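Reading through the structure tokens given below for one structure.
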Amino acid sequence: MLQKCLLCPRACGADRTTGRGRCGAGHMMEAARAALHFWEEPPLSGTRGSGAVFFSHCPLGCVFCQNRQISRRKAAGQTLTVDMLARTMLSLQAQGAHNINLVTGTHYAPHIIEALRLAKQNGLQLPVIWNSSGYETPQTLALLDGWIDIYLPDYKYYSAYYAARYADAADYHETAVTAIGEMLCQTGTPQYDANGLLTRGTIIRHLMLPGLAGDTAQVLRDIATRFDGALVSLMRQYTPFAMQDWPELDRAITDEEYGEACALFRSLGLSGFFQQGGAVSESFIPAFDGTGLEV
């Protein structure tokens, strides 16, 4: 699969056995952190945290990404073998993680599947989360079917204009809704354990951007129409920094903007999660220093 990489919708066709794809990924996995993460939705973080593994590089690459230190073509991170990733997952389980949370792993899907196979052979029993930009292909999602218990996709943009301006991905909307539909088909109705933690299901996330209240409204209406009964997380944690080239994004979401979006969310009958104003802080961006990666 890496000799002509088609794992993401960019379909760059790069030979990653000898070089790197458009996203920046080569033939080996790279990651920047593995640790208990307490900032996901409540039924994912629980009381002990979600066992998050943050992979380097990203097929989408939004200009405002809060994880830009690791999501760019030239990104921070360390090389990770399949065996190392399997041992990292087992370490997170031993630390008490409620689940294994694979953050932006599309470009490493074949490696991750092999690591999950090895980890499960050695005692991994936790639900596995695929934490994604929503920019996925049906073919890659088909590979993941049976390995992923919980999908956590973004639905970032409705407008092709904004998707092109901020992610160079005018096809984002149609790509993401197709992907989310497949995710919902794979996971079915949300399932919870005795403690109210999600063990299977899909949560659709939408991060509000400043000045894009109209696009947020379109996203919420589209979810209500297409994905009846889906869990939705309306996020306000957008944190602007180094946005001089996109001055319209150089501010946080206002209480009024978020309040109006929450009112629409409720009027559409959506179910899911809101965020408090304290979510707007760079302190919510973890240190990408290699913490927790097994060697």
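The values are calculated or read from the model by the stated rules, or taken from the named source; none is laboratory data. A quick note: this is a predicted structure, and the numbers were derived from the prediction, not measured. Cβ atoms come from the backbone with ideal geometry, glycine included; neighbour counts cover every protein chain shown. Protein only, heavy atoms only, side chains kept; ligands, DNA and RNA dropped before computing areas. Shrake-Rupley method; radii C 1.70, N 1.55, O 1.52, S 1.80 Å.
For region 227-246, state whether one or more residues are modelled with pLDDT of 95 or more and among the β-branched types (Val, Ile, Thr).
Yes, there is a match, as at least one residue in region 227-246 is modelled with pLDDT of 95 or more and among the β-branched types (Val, Ile, Thr).
Taking interchain pairs and intrachain pairs at least six residues apart, which have beta carbon atoms under 7 angstrom, with the first residue in region 87-116 and under 17 Å from Met28 (Cβ atoms) and the second of a type in the set (D, E, K, R)?
The qualifying pairs are Arg87/Glu294; Thr88/Glu294; Thr106/Glu136.
I need the full set of residues from region 205-234 which are open to solvent by 20 Å² or more (accessible area, probe 1.4 Å) and either among the polar types (S, T, N, Q) or in a loop (DSSP other than H, G, I, E, B) (or both), in order please.
If the condition is that a residue be open to solvent by 20 Å² or more (accessible area, probe 1.4 Å) and either among the polar types (S, T, N, Q) or in a loop (DSSP other than H, G, I, E, B) (or both), then Gly211, Gln218, Thr225, Phe227, Asp228, Gly229 are the ones that fit.
Select the strands (runs of 3 or more DSSP E) contained entirely in region 9-123, then report the ones holding at least 1 residues which are open to solvent by 50 Å² or more (accessible area, probe 1.4 Å) and closer than 26 Å to Asp145 by Cβ. Give the steps one after another, and end with the answer.
Values: elements: 29-37, 50-55, 78-80, 100-103.
Qualifying strands (runs of 3 or more DSSP E): none found.
Applying the selection to region 253-287, what residues are of a type in the set (S, T, N, Q) and either under 16 Å from Phe227 (Cα atoms) or at pLDDT 75 or above (or both)?
If the condition is that a residue be of a type in the set (S, T, N, Q) and either under 16 Å from Phe227 (Cα atoms) or at pLDDT 75 or above (or both), then Thr254, Ser267, Ser271, Gln275, Gln276 are the ones that fit.
Taking interchain pairs and intrachain pairs at least six residues apart, which have beta carbon atoms under 6 angstrom, with the first residue in region 1-17 and without any contact (Cβ under 8 Å) to a residue 12 or more places away in the chain and over 15 Å from Glu30 (Cβ atoms) and the second open to solvent by 40 Å² or more (accessible area, probe 1.4 Å) and charged (D, E, K, R)?
Note: pairs meeting the criteria are Cys12/Arg22; Gly13/Lys4.
Which numbered condition trips up Tyr161, out of (1) open to solvent by 20 Å² or more (accessible area, probe 1.4 Å); (2) assigned to a helix (DSSP H, G or I); (3) of a type in the set (Phe, Trp, Tyr); (4) touching a residue at least 12 places away in the same chain (Cβ under 8 Å)?
So Tyr161 meets the others, but not (4).
Inside region 131-158, can you point out the residues that are among the aromatic types (Phe, Trp, Tyr) and in contact (Cβ under 8 Å) with a residue 40 or more places away in the chain? Working first, answer last.
Residues of region 131-158 that are among the aromatic types (Phe, Trp, Tyr), as a first pass: 135, 147, 151, 155, 157-158.
Across region 131-158, the qualifying residues are Tyr135, Tyr151, Tyr155, Tyr157, Tyr158.
Scanning region 183-204 for residues that are open to solvent by less than 10 Å² (accessible area, probe 1.4 Å) and of a type in the set (A, V, I, L, M), which turns out nearest to Leu143 (Cα to Cα)?
Checking each candidate, the answer is Met183.
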